[in-house]
Amino acid sequence: MSVTVRVPAKVNVQLAVGAARPDGFHDLANVFLAVGLYDEVTVTPADELRVTCAGPDAAQVPLDRTNLAARAALALAARRGIEPNVHLHIDKDIPVAGGMAGGSADGAGALLACDRLWGTGASRAELLAICAELGSDVPFSLVGGAALGVGRGELLTGLDVGGTFHWVFAMAERGLSTPAVFREFDRLAEGRRIPEPVASQDLLDALAKGDADALAAAVTNDLQPPALSLFPELAATLAAGRAAGALACLVSGSGPTTAFLTRDAATAEKVAGALSASGTCRTVRTAAGPVAGATVL
Ligand code: C5P
(Lines give C-alpha, C1' and ligand atoms only; values in the text may rest on other atoms or scores of the structure.)
Protein backbone atom coordinates (compact mmCIF):
# COMPACT_ATOMS: atom_id res chain seq x y z
CA MET A 1 0.00 0.00 0.00
CA SER A 2 1.30 3.47 -0.77
CA VAL A 3 0.01 7.05 -0.75
CA THR A 4 0.94 9.72 -3.30
CA VAL A 5 0.47 13.46 -2.70
CA ARG A 6 0.86 16.14 -5.36
CA VAL A 7 2.09 19.56 -4.20
CA PRO A 8 2.42 22.80 -6.20
CA ALA A 9 5.22 25.35 -6.44
CA LYS A 10 4.65 28.97 -5.41
CA VAL A 11 5.52 32.41 -6.62
CA ASN A 12 5.53 35.43 -4.30
CA VAL A 13 3.61 38.29 -5.86
CA GLN A 14 4.57 40.49 -2.92
CA LEU A 15 7.50 39.82 -0.62
CA ALA A 16 7.94 42.68 1.83
CA VAL A 17 10.81 42.06 4.26
CA GLY A 18 11.23 43.76 7.63
CA ALA A 19 14.29 44.08 9.82
CA ALA A 20 16.08 40.97 11.16
CA ARG A 21 14.48 39.74 14.42
CA PRO A 22 16.39 38.58 17.48
CA ASP A 23 15.81 34.95 16.38
CA GLY A 24 17.51 35.67 13.03
CA PHE A 25 14.31 35.47 10.99
CA HIS A 26 12.70 38.46 9.28
CA ASP A 27 9.10 39.57 9.66
CA LEU A 28 7.40 39.38 6.28
CA ALA A 29 4.29 40.40 4.41
CA ASN A 30 4.38 37.60 1.93
CA VAL A 31 1.67 37.12 -0.70
CA PHE A 32 1.90 33.59 -2.06
CA LEU A 33 0.28 32.25 -5.23
CA ALA A 34 0.37 28.49 -5.88
CA VAL A 35 1.17 27.67 -9.52
CA GLY A 36 0.81 24.50 -11.56
CA LEU A 37 4.31 23.05 -11.37
CA TYR A 38 4.30 20.03 -9.11
CA ASP A 39 6.34 17.60 -7.06
CA GLU A 40 4.76 14.26 -6.15
CA VAL A 41 5.69 12.49 -2.92
CA THR A 42 4.92 8.77 -2.60
CA VAL A 43 5.13 7.07 0.79
CA THR A 44 5.39 3.27 1.09
CA PRO A 45 6.00 1.15 4.21
CA ALA A 46 9.65 0.03 4.44
CA ASP A 47 12.16 -1.45 6.90
CA GLU A 48 13.65 1.95 7.67
CA LEU A 49 13.34 5.60 6.67
CA ARG A 50 14.66 6.07 3.15
CA VAL A 51 14.41 8.93 0.61
CA THR A 52 14.78 8.65 -3.17
CA CYS A 53 14.27 11.30 -5.81
CA ALA A 54 13.74 11.31 -9.58
CA GLY A 55 13.64 14.21 -12.03
CA PRO A 56 15.99 16.54 -13.91
CA ASP A 57 17.37 18.19 -10.72
CA ALA A 58 17.36 14.98 -8.62
CA ALA A 59 21.15 14.90 -8.18
CA GLN A 60 21.00 18.14 -6.16
CA VAL A 61 18.42 16.82 -3.67
CA PRO A 62 19.79 15.60 -0.29
CA LEU A 63 18.58 12.07 0.49
CA ASP A 64 19.44 12.11 4.18
CA ARG A 65 17.44 13.26 7.21
CA THR A 66 17.97 16.93 6.29
CA ASN A 67 15.49 16.48 3.43
CA LEU A 68 12.25 18.23 4.43
CA ALA A 69 10.23 15.15 3.41
CA ALA A 70 12.25 13.01 5.86
CA ARG A 71 11.94 15.67 8.55
CA ALA A 72 8.16 15.76 8.07
CA ALA A 73 7.87 11.98 8.48
CA LEU A 74 10.12 12.09 11.58
CA ALA A 75 8.10 14.93 13.12
CA LEU A 76 4.74 13.20 12.71
CA ALA A 77 6.11 9.83 13.87
CA ALA A 78 7.67 11.44 16.98
CA ARG A 79 4.35 13.07 17.91
CA ARG A 80 2.56 9.70 17.66
CA GLY A 81 5.32 7.53 19.15
CA ILE A 82 5.58 5.38 16.02
CA GLU A 83 8.58 4.27 13.98
CA PRO A 84 9.06 6.38 10.81
CA ASN A 85 9.74 3.29 8.68
CA VAL A 86 8.78 4.50 5.21
CA HIS A 87 10.26 4.89 1.79
CA LEU A 88 9.68 8.47 0.62
CA HIS A 89 9.97 8.86 -3.13
CA ILE A 90 9.96 12.36 -4.61
CA ASP A 91 9.13 12.91 -8.29
CA LYS A 92 10.64 16.35 -8.60
CA ASP A 93 9.51 18.86 -11.19
CA ILE A 94 9.90 22.06 -9.09
CA PRO A 95 13.38 23.58 -9.49
CA VAL A 96 15.80 22.88 -6.62
CA ALA A 97 17.09 25.90 -4.62
CA GLY A 98 15.04 28.03 -6.99
CA GLY A 99 12.86 30.21 -4.76
CA MET A 100 9.69 28.28 -5.67
CA ALA A 101 9.31 26.31 -2.40
CA GLY A 102 10.25 22.94 -3.89
CA GLY A 103 11.74 21.67 -0.63
CA SER A 104 8.73 23.01 1.28
CA ALA A 105 6.40 21.22 -1.15
CA ASP A 106 8.14 17.92 -0.39
CA GLY A 107 7.80 18.53 3.36
CA ALA A 108 4.07 19.28 3.11
CA GLY A 109 3.53 16.36 0.72
CA ALA A 110 5.36 13.84 2.90
CA LEU A 111 3.47 15.02 5.99
CA LEU A 112 0.05 14.59 4.37
CA ALA A 113 1.05 11.26 2.80
CA CYS A 114 2.36 9.85 6.12
CA ASP A 115 -0.77 11.05 7.91
CA ARG A 116 -2.88 9.04 5.44
CA LEU A 117 -0.60 5.99 5.36
CA TRP A 118 -0.38 5.72 9.16
CA GLY A 119 -4.02 6.71 9.75
CA THR A 120 -2.86 9.28 12.29
CA GLY A 121 -5.90 11.48 11.58
CA ALA A 122 -4.07 14.72 12.37
CA SER A 123 -6.30 17.81 12.29
CA ARG A 124 -5.65 20.57 9.77
CA ALA A 125 -4.42 22.74 12.67
CA GLU A 126 -1.92 20.09 13.80
CA LEU A 127 -0.66 19.57 10.23
CA LEU A 128 -0.20 23.33 9.86
CA ALA A 129 1.68 23.51 13.18
CA ILE A 130 4.08 20.75 12.06
CA CYS A 131 4.51 22.51 8.70
CA ALA A 132 5.44 25.75 10.47
CA GLU A 133 8.10 23.87 12.51
CA LEU A 134 9.58 22.51 9.28
CA GLY A 135 9.96 25.89 7.55
CA SER A 136 8.40 29.27 6.88
CA ASP A 137 6.96 28.34 3.45
CA VAL A 138 5.77 24.82 4.29
CA PRO A 139 2.29 25.79 5.61
CA PHE A 140 1.51 27.50 2.30
CA SER A 141 2.53 24.39 0.35
CA LEU A 142 -0.14 22.51 2.29
CA VAL A 143 -2.96 25.03 1.74
CA GLY A 144 -2.16 26.35 -1.78
CA GLY A 145 -4.41 28.80 -3.59
CA ALA A 146 -3.35 32.31 -2.62
CA ALA A 147 -2.56 33.55 0.87
CA LEU A 148 -0.98 36.35 2.83
CA GLY A 149 1.74 35.05 5.15
CA VAL A 150 2.91 37.20 8.07
CA GLY A 151 5.27 36.52 10.97
CA ARG A 152 8.15 34.72 9.28
CA GLY A 153 5.67 33.83 6.52
CA GLU A 154 3.98 30.93 8.29
CA LEU A 155 0.87 32.69 9.68
CA LEU A 156 -1.54 32.45 6.75
CA THR A 157 -4.76 34.13 5.73
CA GLY A 158 -6.38 32.79 2.56
CA LEU A 159 -7.01 35.31 -0.21
CA ASP A 160 -9.77 35.51 -2.83
CA VAL A 161 -8.56 35.38 -6.42
CA GLY A 162 -10.94 36.40 -9.21
CA GLY A 163 -9.22 34.73 -12.15
CA THR A 164 -6.27 32.74 -13.44
CA PHE A 165 -2.84 34.33 -13.85
CA HIS A 166 -0.46 33.05 -16.53
CA TRP A 167 3.24 32.86 -15.73
CA VAL A 168 6.55 31.93 -17.29
CA PHE A 169 9.39 30.75 -15.06
CA ALA A 170 13.03 30.81 -16.12
CA MET A 171 15.32 28.47 -14.17
CA ALA A 172 18.89 29.62 -13.65
CA GLU A 173 22.15 27.77 -14.18
CA ARG A 174 22.80 27.48 -10.44
CA GLY A 175 20.84 27.78 -7.18
CA LEU A 176 20.82 30.46 -4.48
CA SER A 177 20.70 29.75 -0.76
CA THR A 178 17.75 31.43 0.97
CA PRO A 179 19.74 32.27 4.16
CA ALA A 180 22.48 33.82 1.99
CA VAL A 181 19.93 36.04 0.23
CA PHE A 182 18.48 37.21 3.56
CA ARG A 183 22.03 37.93 4.82
CA GLU A 184 22.68 39.99 1.69
CA PHE A 185 19.37 41.83 2.33
CA ASP A 186 20.68 42.70 5.83
CA ARG A 187 24.04 43.81 4.43
CA LEU A 188 22.43 46.08 1.80
CA ALA A 189 20.04 47.49 4.44
CA GLU A 190 22.79 48.37 6.95
CA GLY A 191 22.34 51.86 8.37
CA ARG A 192 18.85 52.27 6.88
CA ARG A 193 15.57 52.16 8.79
CA ILE A 194 13.54 49.26 7.41
CA PRO A 195 9.78 49.86 7.41
CA GLU A 196 7.31 47.34 8.85
CA PRO A 197 6.30 44.95 6.07
CA VAL A 198 2.64 45.43 5.07
CA ALA A 199 0.53 43.88 2.33
CA SER A 200 -0.30 46.19 -0.57
CA GLN A 201 -4.04 46.85 -0.85
CA ASP A 202 -3.65 47.49 -4.60
CA LEU A 203 -2.11 44.06 -4.97
CA LEU A 204 -4.83 42.33 -2.93
CA ASP A 205 -7.50 44.14 -5.03
CA ALA A 206 -5.76 43.06 -8.27
CA LEU A 207 -5.78 39.43 -7.11
CA ALA A 208 -9.42 39.64 -6.09
CA LYS A 209 -10.38 41.05 -9.49
CA GLY A 210 -8.19 38.64 -11.44
CA ASP A 211 -6.71 41.71 -13.19
CA ALA A 212 -3.27 40.85 -14.62
CA ASP A 213 -2.39 44.46 -15.58
CA ALA A 214 -3.19 45.71 -12.08
CA LEU A 215 -1.29 42.80 -10.52
CA ALA A 216 1.72 43.55 -12.74
CA ALA A 217 1.71 47.15 -11.54
CA ALA A 218 1.63 46.04 -7.89
CA VAL A 219 4.11 43.11 -7.66
CA THR A 220 7.19 43.73 -5.50
CA ASN A 221 9.96 41.60 -4.04
CA ASP A 222 12.32 43.04 -1.42
CA LEU A 223 14.60 40.02 -1.92
CA GLN A 224 15.15 40.94 -5.57
CA PRO A 225 17.97 43.47 -4.94
CA PRO A 226 19.96 41.04 -2.75
CA ALA A 227 19.31 38.15 -5.18
CA LEU A 228 20.57 40.32 -8.08
CA SER A 229 23.54 41.42 -6.00
CA LEU A 230 24.56 37.75 -5.49
CA PHE A 231 23.55 36.70 -9.02
CA PRO A 232 23.96 39.70 -11.36
CA GLU A 233 23.36 37.61 -14.52
CA LEU A 234 19.66 37.45 -13.58
CA ALA A 235 19.29 41.04 -14.82
CA ALA A 236 19.76 39.78 -18.40
CA THR A 237 17.01 37.16 -17.95
CA LEU A 238 14.63 39.81 -16.56
CA ALA A 239 15.43 42.11 -19.49
CA ALA A 240 14.82 39.31 -22.03
CA GLY A 241 11.37 38.60 -20.55
CA ARG A 242 10.50 42.29 -20.53
CA ALA A 243 11.55 42.66 -24.17
CA ALA A 244 9.40 39.62 -25.07
CA GLY A 245 6.25 41.30 -23.74
CA ALA A 246 5.82 40.13 -20.13
CA LEU A 247 3.63 42.45 -18.03
CA ALA A 248 5.85 42.02 -14.96
CA CYS A 249 9.31 40.49 -14.49
CA LEU A 250 10.59 39.61 -11.04
CA VAL A 251 12.77 37.27 -9.06
CA SER A 252 10.67 34.47 -7.53
CA GLY A 253 11.06 34.55 -3.73
CA SER A 254 14.76 34.38 -2.84
CA GLY A 255 15.56 33.35 -6.44
CA PRO A 256 17.26 32.61 -8.65
CA THR A 257 14.20 31.50 -10.65
CA THR A 258 12.73 34.51 -12.45
CA ALA A 259 8.97 34.89 -12.90
CA PHE A 260 7.15 36.62 -15.76
CA LEU A 261 3.47 37.53 -15.53
CA THR A 262 1.70 37.57 -18.90
CA ARG A 263 -1.76 38.61 -20.06
CA ASP A 264 -2.88 35.15 -21.24
CA ALA A 265 -1.71 31.61 -21.98
CA ALA A 266 -0.78 32.41 -25.60
CA THR A 267 1.45 35.31 -24.53
CA ALA A 268 3.04 33.06 -21.90
CA GLU A 269 4.04 30.59 -24.66
CA LYS A 270 5.47 33.43 -26.74
CA VAL A 271 7.49 34.84 -23.82
CA ALA A 272 8.66 31.30 -22.95
CA GLY A 273 9.92 30.82 -26.51
CA ALA A 274 11.79 34.12 -26.45
CA LEU A 275 13.37 33.35 -23.07
CA SER A 276 14.47 29.89 -24.28
CA ALA A 277 16.08 31.47 -27.34
CA SER A 278 17.74 34.23 -25.27
CA GLY A 279 20.43 31.96 -23.84
CA THR A 280 20.05 33.70 -20.45
CA CYS A 281 18.63 30.73 -18.51
CA ARG A 282 18.77 26.94 -18.15
CA THR A 283 15.14 25.95 -18.77
CA VAL A 284 11.83 27.70 -19.16
CA ARG A 285 8.37 26.57 -18.02
CA THR A 286 4.88 28.00 -18.15
CA ALA A 287 2.37 27.57 -15.31
CA ALA A 288 -0.89 29.16 -14.23
CA GLY A 289 -2.24 29.88 -10.77
CA PRO A 290 -3.86 29.77 -8.34
CA VAL A 291 -4.04 25.98 -7.97
CA ALA A 292 -4.93 23.76 -5.01
CA GLY A 293 -2.38 22.93 -2.31
CA ALA A 294 -1.17 19.44 -1.30
CA THR A 295 -3.65 16.87 -2.65
CA VAL A 296 -3.80 13.11 -2.10
CA LEU A 297 -3.98 11.41 -5.52
O1 C5P B 1 12.00 28.90 7.44
P2 C5P B 1 13.03 28.40 6.51
O3 C5P B 1 13.78 27.21 7.04
O4 C5P B 1 12.54 28.19 5.12
O5 C5P B 1 14.09 29.56 6.39
C6 C5P B 1 15.34 29.37 5.79
C7 C5P B 1 16.23 30.54 6.16
O8 C5P B 1 15.78 31.71 5.50
C9 C5P B 1 16.27 30.90 7.63
O10 C5P B 1 17.23 30.16 8.30
C11 C5P B 1 16.61 32.37 7.59
O12 C5P B 1 17.99 32.54 7.35
C13 C5P B 1 15.90 32.84 6.34
N14 C5P B 1 14.57 33.41 6.63
C15 C5P B 1 14.46 34.63 7.24
N16 C5P B 1 13.23 35.15 7.50
C17 C5P B 1 12.11 34.50 7.15
C18 C5P B 1 12.19 33.26 6.49
C19 C5P B 1 13.45 32.71 6.25
O20 C5P B 1 15.48 35.27 7.57
N21 C5P B 1 10.94 35.04 7.40
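Only beta bridges with both residues in the chain are counted; by DSSP, about 85 percent of them are antiparallel.
On a full-extension model of 0.36 nm per residue, what is the gain between HIS87 and ASP213, subtracting their alpha-carbon distance, rounded to one decimal in nm?
Value of the extension gain: 40.9 nm.
Label separation (THR295 vs ARG263): 2.9 nm, computed from points 7 Å beyond Cα along the C-beta direction. The residue list TRP167, LEU188, LEU207 was ranked by how far each Cα lies along the charge dipole of the range 159-207 toward its positive end, using unit charges on Cβ atoms, and LEU188 comes out on top. Each residue of the chain gets 121 Å³ once the volume of the Cα convex hull is shared out per residue. For the range 155-255, the set of GluC sites (Glu not before Pro) satisfying both a DSSP loop assignment and a count of at most 14 other C-beta atoms within 10 Å is given as GLU173, GLU190, GLU233. Each residue of the range 12-21 was assigned a 3J(HN,Hα) from its phi angle through the Karplus curve 6.51 cos²θ - 1.76 cosθ + 1.60 (θ = phi - 60°); the sequence is 9, 7, 9, 9, 9, 10, x, 6, 4, 8 Hz, with glycine and proline shown as x. The loop-placed trypsin sites (Lys or Arg not before Pro) in the range 185-236, going by DSSP, that have at most 12 neighbouring Cβ atoms within 10 Å of their Cβ come out as ARG192, ARG193. Farthest toward the positive end of the dipole of the chain, out of VAL13, LEU297, GLY158, is the Cα of VAL13, where the dipole comes from beta carbon charges about the Cα centre. Normalised per residue, the accessible area of the chain is 41 Å², obtained with a 1.4 Å probe and no contribution from ligands, DNA or RNA.
How many percent of the accessible area of the chain is carbon or sulfur, using a 1.4 Å probe? Accessible surface attributable to carbon and sulfur in the chain totals 52 percent.
At full extension, THR283 and GLU190 could sit 30.0 nm farther apart than now, given 0.36 nm per residue minus the alpha carbon distance.
The values are calculated or read from the model by the stated rules, or taken from the named source; none is laboratory data. Bear in mind the structure is a predicted one, so any value in this text is a computation, not a measurement. Using ideal geometry, Cβ is built from the backbone for each residue, glycine included, and neighbour counts are taken over all protein chains shown. Note: areas computed on protein heavy atoms with side chains; ligands, DNA, RNA excluded. Shrake-Rupley method; radii C 1.70, N 1.55, O 1.52, S 1.80 Å.
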